[in-house]
Structures are given as C-alpha cells and as structure tokens.
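Quick notes on the structure that follows.
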Amino acid sequence: MTFLDGDDTAAAAAPGRGQTVCVTGAGGYIGSWIVKLLLERGYTVRGTVRNPDDAKNAHLRALPGAAERLSLCGADLLDAGALRAAIAGCHGVFHTASPVTDDPEEMVEPAVRGTRYVIDAAAESGTVRRVVLTSSIGAVAMDPNRAPDVVVDESCWSDLEFCKKTKNWYCYGKAVAEQAAWEAAAARGVDLVVVNPVLVQGPALQPSVNASLMHVLKYLNGSAKTYANAVQAYVHVRDAADAHVRVFEAPGAAGRYLCADAVLHREDVVRILRKFFPEYPVPERCSDEVNPRKQLYKVSNQRLRDLGMEFTPAAQALYETVICFQEKGILPVLPPSSPQKADP
Ligand SMILES: NC(=O)c1ccc[n+]([C@@H]2O[C@H](COP(=O)([O-])OP(=O)(O)OC[C@H]3O[C@@H](n4cnc5c(N)ncnc54)[C@H](OP(=O)(O)O)[C@@H]3O)[C@@H](O)[C@H]2O)c1
C-alpha cells in the first residue's frame with residue numbers, strides 16, 4: 001500500500017511514466033485520491049469535472065506533479081462528445097463520476113448513460129487498454145433473501161426489485177449502471193475491471209463534505225441525536241483509490257473487486273468516535289429501541305488481498321475523517337474532555 005513520494009524525481013522512475021489516463025469525476029472524494037495516486041506513480045492524468053474553472057477543483061491543481069502532468073476538462077455524464085474528447089488517446093480510464101443521490105431522475109439516467117458513453121469512447125479510442133469502473137457495494141449487497149451467514153463476495157448482486165420497492169435509487173442506479181458497463185464492454189470488446197467500494201471514510205482532498213463524509217459529520221456536529229440500528233461496511237479512501245490503481249496495473253486483473261475493511265454496527269461507529277473525540281456530542285442512544293440489534297454480515301476482500309492490498313482499519317479511517325474535518329475548519333477543535341484521546 002505504499003506509493004512513491006509525490007515529487008517528479010520519484011515519478012521519473014514510476015510505473016505510469018509515459019502513460020496518459022483519464023479520470024472522470026476527478027474533483028470528487030474518491031476521484032481526487034485516484035488522481036493523487038496516479039500522479040505519484042508518474043502517470044499523466046486527464047481529469048474530467050463539470051466545470052474546470054470552479055474553485056472547488058483548485059485542490060487538484062495543487063497536487064504534487066499536477067503542474068506538469070494534470071489537465072482538467074469539462075464533461076457532463078450526459079455529454080457523449082465531451083467524454084469522447086477526454087478519453088481520446090488515453091491508455092486507460094478510471095470512471096468514477098456518478099450522481100450520489102436517491103432522487104431517481106438525477107441518479108439513474110446519468111449513471112447508466114454516462115457509463116455507456118465511457119465504454120463507447122474507450123472502444124472508439126483504439127488506445128485504451130483497460131477501463132476501471134467505480135461501482136459500489138450498493139450494486140452487490142442489497143438482497144433481502146441472502147442468508148445471514150452468507151459471506152458477501154463478488155458473485156452477489158443487489159436485488160433490483162427490492163431496491164425499487166425500498167426507493168433505494170442510489171443502489172438501483174449503481175447496479176443498473178454496472179450491468180450496463182458489463183454489457184457494453186462485452187459488446188465492444190473493452191477490457192473492463194470493476195471496483196465495488198463499501199462506505200468510504202478518511203481524509204478528503206476536496207474542500208466540500210460529500211455524502212459519505214456526512215455519514216460521520218452528523219454524529220459530531222450535533223445534528224444526529226440518535227444513531228440507527230443499522231450495519232455497514234467501511235474502507236479508507238486511500239485504500240479505495242489504491243484498489244483502482246492496482247486493478248488497472250495488474251495484467252491479470254478481471255471482474256469485480258469488493259473493496260472493504262470491516263462491517264460495523266452504527267453503535268460501533270459512535271463508540272469509536274466517542275472514544276477518540278469525547279468532546280463532541282456523539283449520540284448515545286439508538287433510534288430503534290424495539291427491534292433486535294441488526295446483525296453484522298461478512299464481506300470478502302480476498303480478491304484485493306490477492307493483489308497485495310492491506311486494508312487500513314476502519315477505526316483509523318474514522319479517526320482520520322474527524323481530523324480532516326478539524327483541519328478544514330468543518331468542525332471546531334475543542335479541548336478534549338477526557339484523557340482517552342490518542343492515536344488509534
Ligand atoms: N464515497 C463512498 O462511500 C462510495 C462508496 C462506493 C462507491 N462510491 C462511488 O464512487 C464514485 C465517486 O463517489 P464519491 O464518494 O467520490 O462522490 P463525490 O465526492 O460526490 O463525487 C462524485 C463525482 O461525480 C461527479 N458527477 C456527479 N454527477 C455528474 C454528472 N451528471 N456529470 C459529470 N460528473 C458528475 C461529480 O462532479 P462535480 O464535482 O462536477 O459535481 C463528482 O466529481 C461514485 O461512482 C460513487 O457511486 C462511493
């Protein structure tokens with residue numbers, strides 16, 4: 001999991017030297033980390049964002065190596081021509097851009113059409129050797145009929161009818177977009193590899209708080225008074241980005257790769273946050289005092305381990321998320337109210 005330091009002396013000896021890759025959604029949480037790791041490994045990166053002049057993308061231009069090897073271009077997911085232009089001449093594509101919302105209209109069509117356009121553009125380029133798609137655990141695990149002792153692995157797919165019935169349009173959109181990617185890649189002869197991250201935590205490079213960071217922020221800033229009776233798997237953002245780069249570089253990589261460290265009950269999450277940051281109003285009560293505690297499920301990360309990945313503990317990812325909020329001024333730095341504060 002170690003990468004070269006991000007200076008151009010290191011880049012001169014790096015595996016990406018002489019290769020240009022496109023990262024869609026470059027300014028987002030995971031996209032920014034993928035760009036950072038690719039620059040550290042010597043790649044030349046073409047990042048797509050919706051508005052290259054927006055100040056929210058300034059962090060990309062400040063990354064080590066960006067001045068020499070990063071260009072940004074504007075591309076909406078519904079603009080096939082802009083995606084084609086961004087991908088033309090590239091050796092690889094990391095397709096991370098996607099709406100992250102439960103609004104069905106905003107979610108499904110851009111996710112699916114954008115993914116098809118990216119695969120088509122890769123096929124037409126004649127230069128792209130592999131496309132890495134950022135799918136999600138949401139395309140894998142939403143299945144009410146899975147037995148509790150079944151280990152969730154890459155063979156699992158979310159139940160589309162269940163997603164529709166529960167109005168989980170994000171998971172529905174991610175599952176349908178991933179299916180569309182597999183179909184289009186098979187039809188167009190594109191080498192596609194998919195990463196399915198679970199809920200991502202850890203320091204943000206971008207200035208804004210995205211949906212997955214809000215998951216933790218609400219437990220620290222007083223906006224959530226209780227925690228849910230729910231379970232979720234977690235992974236560090238650097239590991240999520242690392243997984244993308246690994247599956248791009250490993251010649252034999254193929255299929256889907258679940259990217260997860262550990263499954264936690266929300267009670268575990270608030271306990272970790274309270275232990276390291278007792279100064280914040282972390283909720284102590286579950287919103288559901290009637291039903292039995294939701295059981296943890298097991299998720300396999302064996303395929304990425306087989307590629308040499310070592311996962312950062314989820315507690316460390318949560319800790320670093322909060323430190324990042326403090327450093328960005330999103331949370332005030334308060335005096336610790338207990339002596340438990342220490343490195344996780
Ligand atoms: N974070 C997680 O916990 C997690 C877990 C599993 C999978 N994922 C997947 O990882 C990918 C990145 O998510 P993230 O967490 O990094 O979210 P994020 O910070 O919200 O980034 C999403 C990116 O997608 C771009 N985007 C959204 N709609 C677009 C559109 N119509 N046209 C062009 N670009 C569009 C955004 O561009 P703008 O900057 O222009 O808005 C942004 O760069 C997504 O595919 C998401 O489904 C995330």
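Among the candidates Val247, Val282, Val269, Val237, which residue alone is of a type outside the set (Asp, Glu), within 15 Å of the ligand (Cβ to nearest atom) and more than 18 Å from the chain's Cα centre (by Cα)? After ruling out the rest, the residue left standing is Val269.
Hey, among Arg256, Arg238, which residue is in contact with a Gly (Cβ under 8 Å, 6 or more places away or on another chain) and not polar (S, T, N, Q)? Just one listed residue meets the conditions, Arg238. The residue of segment 197-216 that is nearest to Gly27 (Cα to Cα), among those that are more than 9 Å from the ligand (Cβ to nearest atom) and in contact with an Asp or Glu (Cβ under 8 Å, 6 or more places away or on another chain), is Pro203.
Quick check on my filter: what residues within segment 72-98 are buried (at least 22 other Cβ atoms within 10 Å of the Cβ), within 12 Å of the ligand (Cβ to nearest atom) and not in a helix (DSSP H, G or I)? Correct list: Leu72, Ala75, Leu77, Phe94, His95, Thr96, Ala97, Ser98. For segment 132-150, the condition holds for no residue, the condition being that it is away from the ligand (no atom under 16 Å from the Cβ), within 21 Å of Ala240 (Cα to Cα) and not in a helix (DSSP H, G or I).
What about Arg188, is it within 15 Å of the ligand (Cβ to nearest atom) and of a type outside the set (Ser, Thr, Tyr)? For Arg188, the condition - within 15 Å of the ligand (Cβ to nearest atom) and of a type outside the set (Ser, Thr, Tyr) - is not met. Those helices (runs of 4 or more DSSP H) of segment 237-344 in which at least 2 residues are touching a Cys at 6+ places or on another chain (Cβ under 6 Å), considering only elements entirely within it, cover 237-249. On the stretch given as segment 47-71, residues that are in a helix (DSSP H, G or I) and of a type in the set (A, V, I, L, M, F, W, C) total 5.
For segment 146-203, the candidate set comprises residues that are crowded, with 17+ Cβ neighbours inside 10 Å and polar (S, T, N, Q); within that set, the residue that is nearest to Thr312 (Cα to Cα) is Gln201. Look at Ala121 and say whether it is crowded, with 20+ Cβ neighbours inside 10 Å, in contact with a strand residue (DSSP E or B) (Cβ under 7 Å, 6 or more places away or on another chain) and of a type outside the set (Ser, Thr, Tyr). Considered against the rule, which asks whether it is crowded, with 20+ Cβ neighbours inside 10 Å, in contact with a strand residue (DSSP E or B) (Cβ under 7 Å, 6 or more places away or on another chain) and of a type outside the set (Ser, Thr, Tyr), Ala121 comes out as no. Is it true that some residue in segment 30-46 is at pLDDT 95 or above, within 11 Å of the ligand (Cβ to nearest atom) and either under 18 Å from Gly173 (Cβ atoms) or assigned to a strand (DSSP E or B) (or both)? Yes, that holds for at least one residue.
The values are calculated or read from the model by the stated rules, or taken from the named source; none is laboratory data. As the structure is a computational prediction, the values presented were derived from the model and not from experiment. All Cβ positions, glycine included, derive from the backbone under ideal geometry; neighbour counts span all protein chains shown.
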